[in-house]
1. Looking for whichever is surrounded by fewer than 18 Cβ atoms within 10 Å (Cβ to Cβ), over 22 Å from the mean Cα position of the chain (by Cα) and hydrophobic (A, V, I, L, M, F, W, C) here; the options are 45, 34. Which one fits?
2. What number of residues in the range 23-81 are farther than 20 Å from residue 98 by Cβ and of a type in the set (Phe, Trp, Tyr)?
3. Kindly list the number of the only condition in (1) out of contact with any Lys or Arg (no Cβ under 9 Å at 6 or more places or on another chain); (2) free of Cβ contacts under 8 Å to residues at least 60 places away in the same chain that fails for residue 149.
4. Limited to the range 297-312, what total is found for residues that are part of a helix (DSSP H, G or I) and either aromatic (Phe, Trp, Tyr) or under 13 Å from the mean Cα position of the chain (by Cα) (or both)?
5. Can you pull out every residue in the range 260-284 that is open to solvent by less than 70 Å² (accessible area, probe 1.4 Å) and over 26 Å from residue 178 (Cβ atoms)?
6. Which one of these is of a type outside the set (Asp, Glu), open to solvent by 40 Å² or more (accessible area, probe 1.4 Å), touching a Leu at 6+ places or on another chain (Cβ under 8 Å) and modelled with pLDDT of 95 or more: 256, 322, 251?
Amino acid sequence: MKKTIGVCAIGTGRAGMIHARDYNGSVPGARLVALCDPFEPNLKAAQEELGVQKTYTDYRDALKDPEVDAVIVVTPTGMHREIVCAAAAAGKHVFCEKPMASSIEECQQMIEACEQAGVKLQLGFMRRFDKNFRRAKEAVDSGAIGDITLVKSLTHGPSEPKEWMYDISKSAGPIGEVNSHDLDCVRWLVGSEVMSIRAIGHNFRSPEKRDQYPDYYDTVAMILEFENGVLGMIDGAQYVQYGYDARAEVLGTKGLVKVGSQRDNSVSVATPDMTLRQDSMPTWRTLFKDAYVSEDRSFVDSIVNDTEPEVTGQDGLMALKLVNCALKSLLEGRAVQVE
């Protein structure tokens, strides 16, 4: 194995640049050697910021580069399967951001391609690498709260949806945009697969879109039942405007684990009108900044040590399956069994 893993970031949007910056000095044993993006303004800006010499507008050219040992795929979801399978065929290890693909079939093809090529495939669920969520997982697994009975998870995002997000056939709404992290997180915390799911959602914040996008919802509540009997609750919302919010609770027979905070810092200001003011978390990029570095380091460690990635292609497939089942439940108004 080479002493230093050469990495190419395929996609230089906001999420792609998080990983590119990590590999540009924050991940021991790896080095950012190339950037790839068909949108040249983004590519040029990324090159200027990071000082990387090699750039490509076509991922196929990047995969021919002998200095590239691994790729970070942060492109529109519809391109994931094509790029990941091509990378595997070229012998490149793959880190793929969520959602894994557009369909379960595509996920299976990606998993098979990487298995057959003998390369690593890791999915980008950074919440598993956050130090607080990891500590919560350790507490649950240690038996500190007894047997798990109920798990709760939520994600609220402050950003106004882009136009394409109102079409849930493309975005899946909050279930896909924000709750895919919750769906993965509760599977991880409980250590069991989801057996059934029921989702209810409504559009509260964008009434002007109801006529054009009658199925759009900005708020959703989900009830889950796991194969081991544990119960689950997930809620999600877009355009909440008060800040970014990601929290979880695990209730056991003997105790409770809570993780996550809305606070950007620990400072509170008391004013003469007898109120307290605190800063809310502005964005997921701030909250999970260190978690992104940890997951990138974990990916490189799996390559160097030839171990299974901490978040596998199967985890990515199951997250997408749960998103699909939850959306089906919401649209059909019934509980859906998860195969």
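1. Exactly one of 45, 34 is surrounded by fewer than 18 Cβ atoms within 10 Å (Cβ to Cβ), over 22 Å from the mean Cα position of the chain (by Cα) and hydrophobic (A, V, I, L, M, F, W, C), namely 45.
2. Here is the first cut: in the range 23-81, the ones farther than 20 Å from residue 98 by Cβ are 24-26, 28-35, 38-58, 60-69.
From what's left, of a type in the set (Phe, Trp, Tyr): 39, 56.
Residues in the range 23-81 being farther than 20 Å from residue 98 by Cβ and of a type in the set (Phe, Trp, Tyr): 2 in total.
3. Against the list (1) out of contact with any Lys or Arg (no Cβ under 9 Å at 6 or more places or on another chain); (2) free of Cβ contacts under 8 Å to residues at least 60 places away in the same chain, residue 149 comes up short only on (2).
4. Number satisfying all stated conditions: 1.
5. Scanning the range 260-284 gives 268, 271, 275.
6. Exactly one residue qualifies, and that residue is 251.
Residue-wise test of (1) under 30 Å from residue 265 (Cβ atoms); (2) free of Cβ contacts under 8 Å to residues at least 12 places away in the same chain; (3) in contact with a Ser or Thr (Cβ under 9 Å, 6 or more places away or on another chain).
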site: 197; (1), (2), (3): no, no, yes
site: 203; (1), (2), (3): no, no, yes
site: 206; (1), (2), (3): no, no, no
site: 209; (1), (2), (3): no, no, no
site: 238; (1), (2), (3): yes, no, yes
site: 246; (1), (2), (3): yes, no, yes
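This table checks each residue for (1) under 23 Å from residue 192 (Cβ atoms); (2) in contact (Cβ under 8 Å) with a residue 60 or more places away in the chain; (3) of a type in the set (Lys, Arg).
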| residue | (1), (2), (3) |
| --- | --- |
| 268 | no, no, no |
| 279 | no, no, no |
| 285 | no, yes, yes |
| 299 | no, yes, no |
| 313 | yes, yes, no |
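The values are calculated or read from the model by the stated rules, or taken from the named source; none is laboratory data. Remember, predicted model here, so these are calculated numbers, not experimental data. FYI the Cβ positions are ideal-geometry reconstructions off the backbone, even for glycines, and counts take in every protein chain you see. SASA here: full protein model, heavy atoms, side chains in, ligands and nucleic acids out. Shrake-Rupley method; radii C 1.70, N 1.55, O 1.52, S 1.80 Å.
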